[in-house]
1. Looking at (1) at pLDDT 95 or above; (2) in contact with a Lys or Arg (Cβ under 9 Å, 6 or more places away or on another chain); (3) of a type in the set (Asp, Glu), which is the one condition that is false for Glu266?
2. For segment 241-259, which positions are in a loop (DSSP other than H, G, I, E, B) and hydroxyl-bearing (Ser, Thr, Tyr)?
3. One residue is enough: does segment 98-116 have a residue meeting the conditions assigned by TED's automatic domain parsing to the domain that holds Phe204, polar (S, T, N, Q) and under 30 Å from Asp488 (Cα atoms)?
4. Taking the condition of being surrounded by fewer than 16 Cβ atoms within 10 Å (Cβ to Cβ), charged (D, E, K, R) and at pLDDT 95 or above, how many residues in segment 148-181 meet it?
5. Report, by residue number, each residue of segment 466-486 that is over 11 Å from Ala453 (Cα atoms) and among the charged types (D, E, K, R).
6. Looking only at segment 233-259, count how many residues are touching a Leu at 6+ places or on another chain (Cβ under 9 Å), of a type in the set (Asp, Glu) and buried (at least 18 other Cβ atoms within 10 Å of the Cβ).
7. For segment 260-342, list the helices (runs of 4 or more DSSP H) that sit wholly inside it and hold at least 3 residues that are buried (at least 17 other Cβ atoms within 10 Å of the Cβ) and touching a residue at least 12 places away in the same chain (Cβ under 8 Å); which are they?
8. Name the helices (runs of 4 or more DSSP H) wholly within segment 417-500 that hold at least 2 residues that are under 28 Å from Ile389 (Cα atoms) and under 21 Å from the mean Cα position of the chain (by Cα)?
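The values are calculated or read from the model by the stated rules, or taken from the named source; none is laboratory data. It should be emphasised that the depicted structure is a prediction, and the values quoted were computed from it without experimental measurement. Positions of Cβ are backbone-derived with ideal geometry, glycine not excepted, and every protein chain shown enters the neighbour counts.
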Amino acid sequence: MKRLFFTTLLPFLLFFSSCSHKNTDEGKMIFRYNESNGITTLDPAFSSGQSVIWPCNLLYNGLVDLDETLHIVPAIAKSWSISDDGRLYTFILRNDVYFHDTEYFHFSKPRRVTAQDFVYSFSRITDPAVASPGAWIFQKVARNAKGEPQFRALNDSTFQIELTQFFPPFLGILAMKYCSVVPREAVEHFGKEFRSKPVGTGPFQMQLWEEGVKLVLRKNPQYFEYDEKGQRLPYLDAVAISFIVDKQSVFMEFMKGSLDFMSGIEACYKDALLTKDGKLQPKFSGKITMETCPYLNTEYLGFVLKEDGKDNPLQIKEVRQAINYGFDRAKMMRYLRNNIGYAANSGFVPRGMRSFNESRVKGYDYNPTKALELLEKAGYPNGKGLPPIPISTSASYLDLCQYIQHELGEIGITVTLDVQQGAQQRQMMRGYKLPCFRGSWICDYPDAENYLALFYSKNLQPAGSNYTHYVNPKYDELFEKSQSILDDSLRNDLYTQLDSILLEDAPFVVLYYDQAVRFFRYGVKNCSPNPINMLDLRRTIIEK
């Protein structure tokens, strides 16, 4: 038995060893990146957070996917239709998609994906015993008399989902990694260990995972997608992921050529790589490439508008508007973020979302004169008599809040800063215990509803995501109307109206819209960033 185990493991060790050397050893293209946050699971039912979503995107597929412009495109479903009332979705599946056949789980014969696999996979997400953090995505799915969600396999290639009500963003939700298809027999065989023994349909399959050290994925030789010339995807032979925690060490490994890719920018090396205006330092020309695009993340300050019986000046709209006018976002981005990100000049819906329209949704610019006029109108001329404004933040955003503190101080608004741990801050936000907090909202699915729902009164805490306790009947009415329209352009028109209402009421201060930034070793091609910052390596190549 020991000899058999060593014989089985030897190819893994040889491949693993080769991944630590040149990325084209023996003619193989091996893409190498680091995940400082670690990977806790490879089960798509728990694909929450980028560190898990990225490898799950390499291992699994769902019914649909998103292209680089956030349009919904076919994946395992080759086509679909939606009933006139918008409640019944019918998907026709491809017949050439097969689950991975791995060293740790063999099928007796090639195992094709069927509609019944989607019934199982989606029902698993809603099973309380599984406790998937993605269960919320199916809240609007109808249930039968037994309380079972209405996922139906009409035959091997026809899958249906019935909703309780019309919900236009639903198709985009199905592109989330939670909605990946998994085989019942593998999940039931491994139980909780499926987290480390993934069996999917994706372009790569697992070869080796030494937790905390290295994860190696190799090309799926039976992957169902082909390029325009008829060549089977992916082009890469393998992906090797390391788990170095220290960000400075990661940067050094990248500069040595031990990593092919870095995502994002850290304070410890941003000035080494970037000029003040956000460009790659000229000395790296021909050695490193840099690519950016809008990233669907809004960074903001939120005001809690729930009356607390105290003398809280943030309940006064003019005070909130004055804060919006009182600091220079462009200068903030240039000096504190090297222009990685976009100074917020519009509403809460970020740049990169299809409904984003800065010509129609006019945000706040830097206008200290206007801010002083608003303070006087609120009864605080030049800030006289205005109590200190407390802002709660995490350490990662302390520099931004200190900048705002200084800028607002110039117009008579005193700001105090409360630095908290992220978990503690989120708990207090849910209880409306923080008069003003620094927050982020990263999109879950590519529809502006995901942002605007934060201000719908039926989403108040503790069950919902309305952290500002914003209540406006006119806003609610228009929001509900937007969710009755299937046509994207008409719905987006209502979204711009909703965003404009929010800007007038100012339950927040939009700081900036984020930007995805990627650095590559010279020769890495076809791995551009996208608005959801997904890592897609199906067409990536590494030129010698």
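1. Among (1) at pLDDT 95 or above; (2) in contact with a Lys or Arg (Cβ under 9 Å, 6 or more places away or on another chain); (3) of a type in the set (Asp, Glu), Glu266 violates only (1).
2. Going residue by residue through segment 241-259, those that are in a loop (DSSP other than H, G, I, E, B) are 243-246, 257-259.
Of everything in segment 241-259, just one residue is in a loop (DSSP other than H, G, I, E, B) and hydroxyl-bearing (Ser, Thr, Tyr), namely Ser258.
3. Within segment 98-116, the first condition is being assigned by TED's automatic domain parsing to the domain that holds Phe204, and the residues that meet it are 98-116.
Then drop every residue that is not polar (S, T, N, Q), which leaves 102, 108, 114, 116.
Among the residues that remain, those that are also under 30 Å from Asp488 (Cα atoms) are: none.
Scanning segment 98-116, I find no residue that is assigned by TED's automatic domain parsing to the domain that holds Phe204, polar (S, T, N, Q) and under 30 Å from Asp488 (Cα atoms), so the answer is no.
4. 1
5. If the condition is that a residue be over 11 Å from Ala453 (Cα atoms) and among the charged types (D, E, K, R), then Lys474, Glu477, Lys481 are the ones that fit.
6. 0
7. Values: elements: 270-273, 317-325, 329-337.
The helices (runs of 4 or more DSSP H) meeting that bar are 317-325, 329-337.
8. Numbers: elements: 422-430, 449-452, 473-482.
Result: 422-430, 449-452.
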